[in-house]
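Readers should treat all values here as calculations from the given coordinates under stated rules, not as data from a laboratory. These numbers were taken from a predicted model, which means no experiment stands behind them. Positions of Cβ are generated from backbone atoms using ideal geometry, with glycine treated the same way; all protein chains shown enter the neighbour counts.
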Amino acid sequence: MEKSLNKKDFDNFITSLRGKGYKTFAPKKNNNLVVLDEVQGADEISLDHVITNNSIKEFFFPKTENVLSYRMEKNQVQIEEPEGFAVKAVIFGSRPCDAFSLPVMDKVFNWDCSDKFWVQRREAITIVTIACDKCDSYCFCTSVGLAPDAKQGSDVLLTKISSDNYVVETVTEKGESLIKEFESVFSGPSSDSSDRQVATVEKKFEIEKVKPWLDENFVHAVWTDFSLKCIGCGACTFVCPTCHCFDIVDECTMTKGDRVKNWDGCQFKMFTMHTSGHNPRSTQGERWRQRIMHKFKYYVEKFDSILCVGCGRCSRVCPADMNISEMLEIIETEASQSENKE
Amino acid sequence: MDNIYRPYLMNISDMVEEAPGVRTYRLNFLNEDEGKKFQFRAGQFALYSVFGYGECTFCIASSPTRMDYIECTFRQAGRVTNALRELNVGDTLGFRGPYGNVFPIDEWEGKNLVFIAGGIALPPLRSVIWNCLDLRDKFKDVTIIYGAKTVADLVYKHELKEWDARDDVNLVTTVDPGGETPDWPGKVGFVPTVVEQAEPSSNNTIAVVCGPPIMIKFTLPVLEKLGFKQDRVYTTLENRMKCGLGKCGRCNIGCTYVCKEGPVFTAQEINKMPDEF
Amino acid sequence: MSNETTFEPRIVAFLCNWCTYAGADLAGTGRKQYQANVRIIKLPCTGGIDPLFLIKAFERGADGILVSGCHPGDCHYNSGNYHARRRWNVFKPLLEFCGINPDRIQFSWISAAEGGKWVETINSVIDAVRVLGPFEGYQKINAIGPEGPGEGFAPSSDTTGCECK
Amino acid sequence: MIEALRKKAEELLKNKTVSVVFGYGEGSTPERTRPVFITKPEEVNKLTWNKYCVYNLTTYLKRQETRKLGKPAIVVKGCDARTLIVLMKESQIKREDVYILGVSCDGVGDPLAEKCKACDVHTPRIYDDLIGEKGENKELPFDERYAELDEYENLSEKEKWEFWQKQFEKCIKCYACSNICPLCFCDRCIVEKNQPQWIDPSAHARGNLSWNVTRAYHLAGRCINCEECQRVCPVDIPLNLLNKKLAKEAEKNFNYRPGYNIDDELAMSTYNEKDNQDFVR
């Protein structure tokens, strides 16, 4: 049965969750940022932002995590498995684009063999999404086949129907059992449930045209031209909810150590550099091409999903204002032009 | 659920200094049960770790026909290989693998084999060479063409002697001009040239090439001239890798993940790849 | 036993080879006693001490650091200590700005003839850090590896002391 | 001013004085601009100038991709011009290899960037051409220029530690701060060197403290406080406070402002026998 949740019951929901041992994460103001972070009560939750500055991925694939710990003594090594990384939690108020990134990333983290750090956190965390009631010029979810109220990836979806009331839709069994567990917090169906307040996100390009063009244009001047202003940092990849590349390093003292999995990014020149100094992607143009190709061609061919959810974070944070949807618009234009030539 | 990043612990039971900066370790599983269950095939690679320093990637250099141990040969180059070189017999290292695809040896039965390697690229071929030699009667002629910069840089010197002494192996060794010693019995010249001179027949023959990019670049046209079809020429690639499992996202050449779809490719497959290696 | 009575600070001293190290050596040959809380790292010149060394010392559990070299004008390499002094002039305030107590990172000029000054200085650094207590701020972020024993850094009978005792 | 800028750029490209103009162009929103690289005279209309031109374009002098474009003319504000002076003093560029298009600037950013509040180089102190009115630069008093720091310097030791731990905790090690910095020009950054690994590459509290302190320290006596590191930080760490603190100490102790007087010796590659040593025992 359809339910609704009043804003004044948010606090009750959060407190009840915490009472049952769930950790609760929600968008929270932190100076100039709004970040998904742990909250104790609803008073800490921000609701008037477009999108959080951090993406949801860090709850499943943190910026740094130990995959092993070990002791070393003379020539002996003793390995210890990290424990307690998957904690029962609810992420409340994430955006549909962020939620959708999870099933997309499931594919790579389960490809052939499963990364337990990702998988066990996925099992432990329930996602309660709030559909976007506003957007900004960086948003382009509708261009990559999503919507500001898309359900995929969420366990529960809340959509605003009046200034303080949200209609509640359960998307997965996990979501349903969560709602059941905390049934008392929710109200019955709301009379105004048809009046959903959902943002209108402008469609910026035809995604269907992108891949065919990428198939043909591994070598093209646009890669270098567009990336001239790129400074080669990792901001875009680190804020991206679907960028999953990582590095594995050891950190140690004389007797103990950790093997650590850290975020890494394809825009760094060191990312692919061989020990010999040879670098398969030695220029920024090649690295930028890799980012676009990976998202809109390679991942599609491998996993039948676009590795982009249109959140626009990379464009927002880019130090040099490189805008990914603009890049895709350029590709679309190029594609149309070459069609016309034929 | 298993931790895919957890390595087996291996004991270094033996080591050989192959060439300046190049060393071979023989490894045994510390946990015998793990060793019994472990299987791999020629062409596969693994991640070797020195605890405290990290992991690095190279091929398994021993043959799957000799499963009592695993051998790896590496050249000291970066942080991990430098640390690896500091180890000694009796020390423990980590081993994660096997990963990647294999040389389709079964398909090669009844054919002639030509192995062409340059410098430190013999170790990846050593696994498949011994694999084939251990099943010697399944193949026809076996030719090994191996070159290095100098005589000192030739790896597996004792095995080169062994191969040279065998009647059923045709071994051609060469060193780059200037790298020869007064008593050097082999050829002097770059690998592509030596291949051209050796003129292995392409008739019913499989060629396996491995070496630095520049060597491969000049050897492939020679093989083509000798009449080798692209799908009869195999090579094994190498890229920077961190996971070996198709997740860390750096070893791809275009759409192809070297760690999963490779490292073994035919020349035909390589020619289809974008120019990104 | 309470922590206050058991806390023994761990001090890392970065000494230049030509002056302070020789001074500390002189204190030793003169059989002058000083507290055993210090680990000495000998370097050619204070001019070659990168502030990264000091950060690394804190990362590996130092509670306090002393950097010491030749008096101005006495540098074996003419000007190494002058350059070092410039760096300290900005680096020390930077650490203080980040909330590191100035007593945890100290500097001195001690010549090869000043065995007495070495004893006096190192004792007073150790005493000052003992008063400050363990560097808890850094200890919170230092953890590497599994919990439990590991570091062989704390002063213990088999790793300290001079063999000629 | 925009017209004058475009005209000058067109002229420089036409008479082949330069092969490229590094300037500001329209950004993806009206509140943003972006770097543009004009190589053809007919493209000069892409150049713009407004209060959103916060970037310090001199950073593109270090990038191999933009260096390949040939001799540049570079649009610089007064603050950015100071970077050029430092780069010249540090032998990274030669004066004759760059054509300096100075713009007089009343401050950028909306709200006004912190760096502009205590600016005393509204007119660049070095240029080949000046676009806009030549104003008189009156050096502001020391205290006024570093007033931003007072609030933080007055915190207690514990408060300082906690403040910075909270800030550094956010760091994701994207290295936008060092990549955007025109003066972070090392081919291989210390954090990318791993033999030995001085700075832990992980973005945990330990690695973040080492990284952020080292990044700032490497700019001691060099940073001209263009605030680019702080602007680009995706997690909003007030990095420039660290840089500014170092600049303050360098000026206090060595009477040196980076990139201010072209004849001054670089603070960290020289010394004075009478340097402060109050703190040395």
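Points to keep in mind about this one:
- Computed over every Cα-Cα pair of chain A and binned at 10 Å starting from 0, the pair-distance distribution P(r) comes out as 5, 23, 30, 23, 13, 5, 1, 0 percent.
- Label-to-label distance for A:Glu73 and A:Glu202 is 6.7 nm, based on points extended 7 Å past Cα in the beta-carbon direction.
- Rg over Rh, two decimals, the range B:173-277 (C-alpha only, Kirkwood Rh): 1.05
- Cubic angstrom per residue, convex hull over Cα atoms of the range D:43-94: 93
- Net charge of the neighbourhood of D:Lys71, taken over other residues with C-beta under 14 Å away and scored Lys/Arg +1, Asp/Glu -1, is +2.
- For the range D:142-267, the spread of Cα positions along each principal axis, largest first, Å: 39, 37, 25
- Local electrostatic count, B:Lys111, Cβ distance below 15 Å [Lys/Arg +1, Asp/Glu -1]: -2
- Mean projected area of the convex hull spanned by the Cα atoms of the protein assembly as shown, taken over all viewing directions: 50.3 nm².
- Candidates D:Arg231, D:Arg125, D:Arg67: whichever shows maximal mean-square fluctuation once chain D is modelled as a Gaussian network with Cα springs under 10 Å: D:Arg67
- Nearest-0.05 FRET efficiency for B:Asp134 and B:Glu107, computed from C-beta distance (R0 25 Å): 0.90
- Shown in residue order for the range B:40-52 are the 3J(HN,Hα) couplings computed by the Karplus curve 6.51 cos²θ - 1.76 cosθ + 1.60 at θ = phi - 60°: 8, 10, 4, x, 6, 10, 8, 9, 9, 10, 9, 5, x Hz (x for Gly and Pro).
- The calculated 222 nm mean residue ellipticity attributable to helices in chain C amounts to -12000 deg cm²/dmol, summing -39500 (n - 2.57) over DSSP H runs of n ≥ 4 and dividing by all residues.
- Per-residue ellipticity at 222 nm computed for chain A from its helices equals -8500 deg cm²/dmol, with DSSP H segments shorter than 4 residues left out and the rest contributing -39,500 (n - 2.57).
- Around the amide H of C:Arg10, modelled in the peptide plane, lie the amide H atoms of C:Asp63, C:Gly64, all under 5 Å away and 5 or more residues distant in sequence or on another chain.
- Of the trypsin sites (Lys or Arg not before Pro) found in the range D:150-223, the ones in coil according to DSSP and having at most 15 other Cβ atoms within 10 Å of their Cβ are D:Arg188, D:Lys193.
- Legend: residue pairs D:Lys117/D:Lys248; A:Lys23/A:Lys174; A:Lys88/D:Lys158; A:Lys174/A:Lys211, Cα-Cα distance threshold 24 Å; pairs beyond threshold, A:Lys88/D:Lys158; A:Lys174/A:Lys211.
- Compactness of the range A:119-240 as Cα Rg over 2.2 N^0.38 Å, two decimals: 1.44
- Near the amide H of B:Lys187, within less than 5 Å, lie the amide hydrogens of B:Thr173, B:Thr174, B:Val175, all on another chain or at least 5 residues away, with H placed in the peptide plane.
- Divided by 2.2 N^0.38 Å, where N counts the residues, the Cα radius of gyration of the range A:3-185 comes to 1.12.
- Radius of gyration and Dmax over the Cα atoms of the range D:2-131, both given in Å: 13.8, 39
- Cβ-derived FRET efficiency at R0 25 Å, A:Met270 paired with A:Ala221, nearest 0.05: 0.45
- Square roots of 5 times each gyration tensor eigenvalue, C-alpha, the range D:185-258, largest first, Å: 23, 15, 11
- Selected from B:Trp130, B:Trp184, B:Trp108 as most flexible by GNM, with chain B as the system and alpha-carbon contacts under 10 Å: B:Trp184
- Evaluating 6.51 cos²θ - 1.76 cosθ + 1.60 at θ = phi - 60° for every residue in the range D:161-167, the Karplus couplings come out as 4, 5, 4, 6, 4, 5, 5 Hz, glycine and proline recorded as x.
- HN-Hα J in Hz across the range C:42-52 - Karplus 6.51, -1.76, 1.60, θ = phi - 60°, x for Gly and Pro: 8, 10, x, 7, 4, x, x, 8, 6, x, 4
- Hull volume per residue, based on the alpha-carbon atoms of the range A:207-341 and their convex hull, is 133 Å³.
- Positive contributions from Lys and Arg (+1) and negative ones from Asp and Glu (-1), summed over other residues with Cβ under 15 Å from the Cβ of C:Gly73, come out at -2.
- Between D:Glu26 and D:Asn272, residue separation times 0.36 nm minus the direct Cα-Cα distance comes to 83.9 nm.
- For the range B:132-276, relative contact order (Cα pairs under 8 Å, six or more residues apart, normalised by length) works out to 16 percent.
- Built from the Cα atoms of chain B, the convex hull projects on average onto 14.8 nm², one quarter of its surface area.
- Whole-Å distance, taken between Cα centres, linking the range D:16-68 and the range A:2-54: 42
- Debye intensity ratio in log₁₀ form over the Cα atoms of the range B:105-236, taken at each q of 0.09, 0.10, 0.12 Å⁻¹: -0.22, -0.28, -0.41
- Considering only alpha-carbon pairs that sit under 8 angstrom and 6 or more positions apart, the relative contact order computed for chain B is 18 percent.
- For chain B, the 222 nm mean residue ellipticity estimated from helices alone, with every DSSP H stretch of n ≥ 4 adding -39500 (n - 2.57) and the total spread over all residues, rounds to -6500 deg cm²/dmol.
- Two-site FRET efficiency, B:Gln39 against B:Asp14, from Cβ-Cβ distance with R₀ of 25 Å, rounded to 0.05: 0.70
- Centroid-to-centroid, using Cα positions, the range D:222-247 and the range D:134-149 are 18 Å apart.
- Between C:Gln139 and B:Glu224, the modelled label-to-label distance comes to 6.8 nm, taking each label 7 Å out from Cα in the direction of the beta carbon.
- As a ratio to 2.2 N^0.38 Å, the alpha-carbon radius of gyration computed for chain D takes the value 1.03.
- In this simple spin-label model, placing a label point 7 Å from the Cα along the Cα-to-Cβ direction at both A:Lys88 and C:His71 gives a separation of 7.1 nm.
- Computed from the alpha carbon positions, the gyration tensor of the range C:1-148 leads to an equivalent ellipsoid with semi-axes of 26, 19, 13 Å, biggest first.
- Chain B: angle of helix B:122-134 to the longest principal axis, Cα-based, in degrees nearest 10: 80
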